[in-house]
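Student: Quick one: structure below, then a few questions.
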Amino acid sequence: MSKQGKIKNGNNKAKHTKLLNQKKNKIREAKALNKQRLKTLITKSNLYKQDCSCGSGNLYGDCCAIAHKSIELVTTAEQLMRSRYTAYVLGDIEYLMKSHHSATCPLKEKEEILKWTKSVKWLRLEVLNIVKGGVSDTEGMVEFKAYFEENGVAEVIHENSRFNRENKHWVYLGEL
Ligand SMILES: [Zn+2]
């Protein structure tokens, strides 16, 4: 074998090793991605079988998950209020935006809200009073208390929320 040939052969070998490593890395990445997907799927299906965070006493899959999947299926202002609380718990920012009236929707603070809700520990929701907001109503009011812990300090949001309908479904208008 000539000197030239040896060098060439060496180069080929290096190329081959590089390609092999790239292939190995790709397989490793694909495996990790699959694992992650599976984990998310399991977490989701577990979540469906857990008590809903809104405190209705129903499983998440039979409660706020329905609203989170199709907001059009929410029939009362109370349901919307509860599903929004659960969306805060789950960090479902898209739902929080979708369930907000377009005139008052804090789109600009979207990232900030997401960051905040993920940083606090949601404890429970108490629905205190409901005015209208029924199946055949066009507006309604729900008074609630949402308990959470922020930086280790117990906090509570006590609010009278106003709701009406937009795009054929209930939306949150704002505080009374
Ligand atoms: Zn619920």
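The values are calculated or read from the model by the stated rules, or taken from the named source; none is laboratory data. As the structure is a prediction and not an experimental result, all values here were calculated from the model. Virtual Cβ from ideal backbone geometry, glycine too; neighbours counted across all protein chains shown. Keep in mind that these areas ignore ligands, DNA and RNA; they rest on the heavy atoms of the full protein, side chains included. Shrake-Rupley method; radii C 1.70, N 1.55, O 1.52, S 1.80 Å.
Student: I'd like to check something: does the stretch 111-134 contain any residue that is surrounded by 17 or more Cβ atoms within 10 Å (Cβ to Cβ), at negative phi and basic (K, R)?
Tutor: No; the residues of the stretch 111-134 include none that is surrounded by 17 or more Cβ atoms within 10 Å (Cβ to Cβ), at negative phi and basic (K, R).
Student: Report, by residue number, each residue of the stretch 128-147 that is within 11 Å of T76 (Cβ to Cβ) and not acidic (D, E).
Tutor: I130, K132, G133, G134, V135, S136, G140, V142
Student: Scan the stretch 156-176 and report the pairs whose first residue is over 13 Å from V142 (Cα atoms) and whose second residue is hydroxyl-bearing (S, T, Y) and open to solvent by 40 Å² or more (accessible area, probe 1.4 Å), with Cβ atoms within less than 6 Å and a gap of 6+ or a chain change.
Tutor: V156/Y147; R165/T138
Student: For the structure I just gave you, tell me whether M97 is touching a Lys or Arg at 6+ places or on another chain (Cβ under 8 Å) and either within 16 Å of the ligand (Cβ to nearest atom) or not polar (S, T, N, Q) (or both).
Tutor: yes
Student: Out of curiosity, is E166 open to solvent by 50 Å² or more (accessible area, probe 1.4 Å) and of a type in the set (D, E)?
Tutor: Considered against the rule, which asks whether it is open to solvent by 50 Å² or more (accessible area, probe 1.4 Å) and of a type in the set (D, E), E166 comes out as no.
Student: Would you point out the residue of the stretch 37-66, among those that are open to solvent by 40 Å² or more (accessible area, probe 1.4 Å) and among the hydrophobic types (A, V, I, L, M, F, W, C), that is farthest from the ligand (Cβ to nearest atom)?
Tutor: L38
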